[in-house]
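The block underneath contains the structure these notes are about, expressed in structure tokens.
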Amino acid sequence: MIDTALIRRFMDHRIRRFRAEDDLRAMKNEEKDMARQINSMLASESAGKVNIDGHTVYPMRVMRASTVGGCMPMLIDGFKNLGMDSIVSQTINAQTLTGFVNEYDPDRMMSAEELAEKLPDEIREFINLYEDLMVGVRKSG
């Protein structure tokens, strides 16, 4: 005999999970939008950071790098031509690529466009650069 109660519980659970995932996606998007606004506000006020309710809120800027679509072979060749075979395996590790790119902007002050101009010619056109603006929060001491 089929346990329809179990199936109904399963269906209810599934519907609640989908709603929760939708809510979470919406919350993440709203949080991202607020982070952009807070970053902008802190930058325009030259505040640097703000202490609220025992937490320090501060702007964070993280540069990300990825391979331009379909250009992996050319990027691999470019790194090999630069003598950087160690960064290349079957694919290029995104975190290692980001670390490599960030070495060209140790103070993290350049825009993606400015940073791209600093990259070696052999690989520049095969790398996408984009910024994630976030807000860090930590417990104040």
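Points to keep in mind about this one:
- Residues of region 1-56 that turn out to be of a type in the set (A, V, I, L, M), surrounded by 10 or more Cβ atoms within 10 Å (Cβ to Cβ) and over 30 Å from M109 (Cβ atoms), as a count: 7
- The residues listed here are F126, F100; of these, the one that is in contact with a Cys (Cβ under 7 Å, 6 or more places away or on another chain) and of a type in the set (A, V, I, L, M, F, W, C) is F126.
- Flag for V101 being β-branched (V, I, T) and part of a strand (DSSP E or B): no
- Count of region 115-138 residues, restricted to those that are in contact (Cβ under 8 Å) with a residue 40 or more places away in the chain and basic (K, R), is 1.
- Some residue of region 97-114 being surrounded by 12 or more Cβ atoms within 10 Å (Cβ to Cβ), within 26 Å of K28 (Cα to Cα) and free of Cβ contacts under 8 Å to residues at least 12 places away in the same chain: yes
- Among the residues of region 1-56, those that are among the charged types (D, E, K, R), within 24 Å of S140 (Cβ to Cβ) and not in a helix (DSSP H, G or I) comprise K49, D53.
- Residue pairs whose Cβ atoms lie under 8 Å apart, separated by 6 or more positions or on different chains, with the first residue in region 61-86 and without any contact (Cβ under 8 Å) to a residue 60 or more places away in the chain and the second of a type in the set (S, T, Y) and assigned to a loop (DSSP other than H, G, I, E, B), are M72/T91.
Each value in this text was obtained by applying a stated rule to the coordinates, not by laboratory testing. This structure is a prediction, so every number in the text was calculated from the model and none was measured. When we count neighbours, we look across all protein chains shown, and the Cβ atoms used for this are built from the backbone with ideal geometry, even at glycine.
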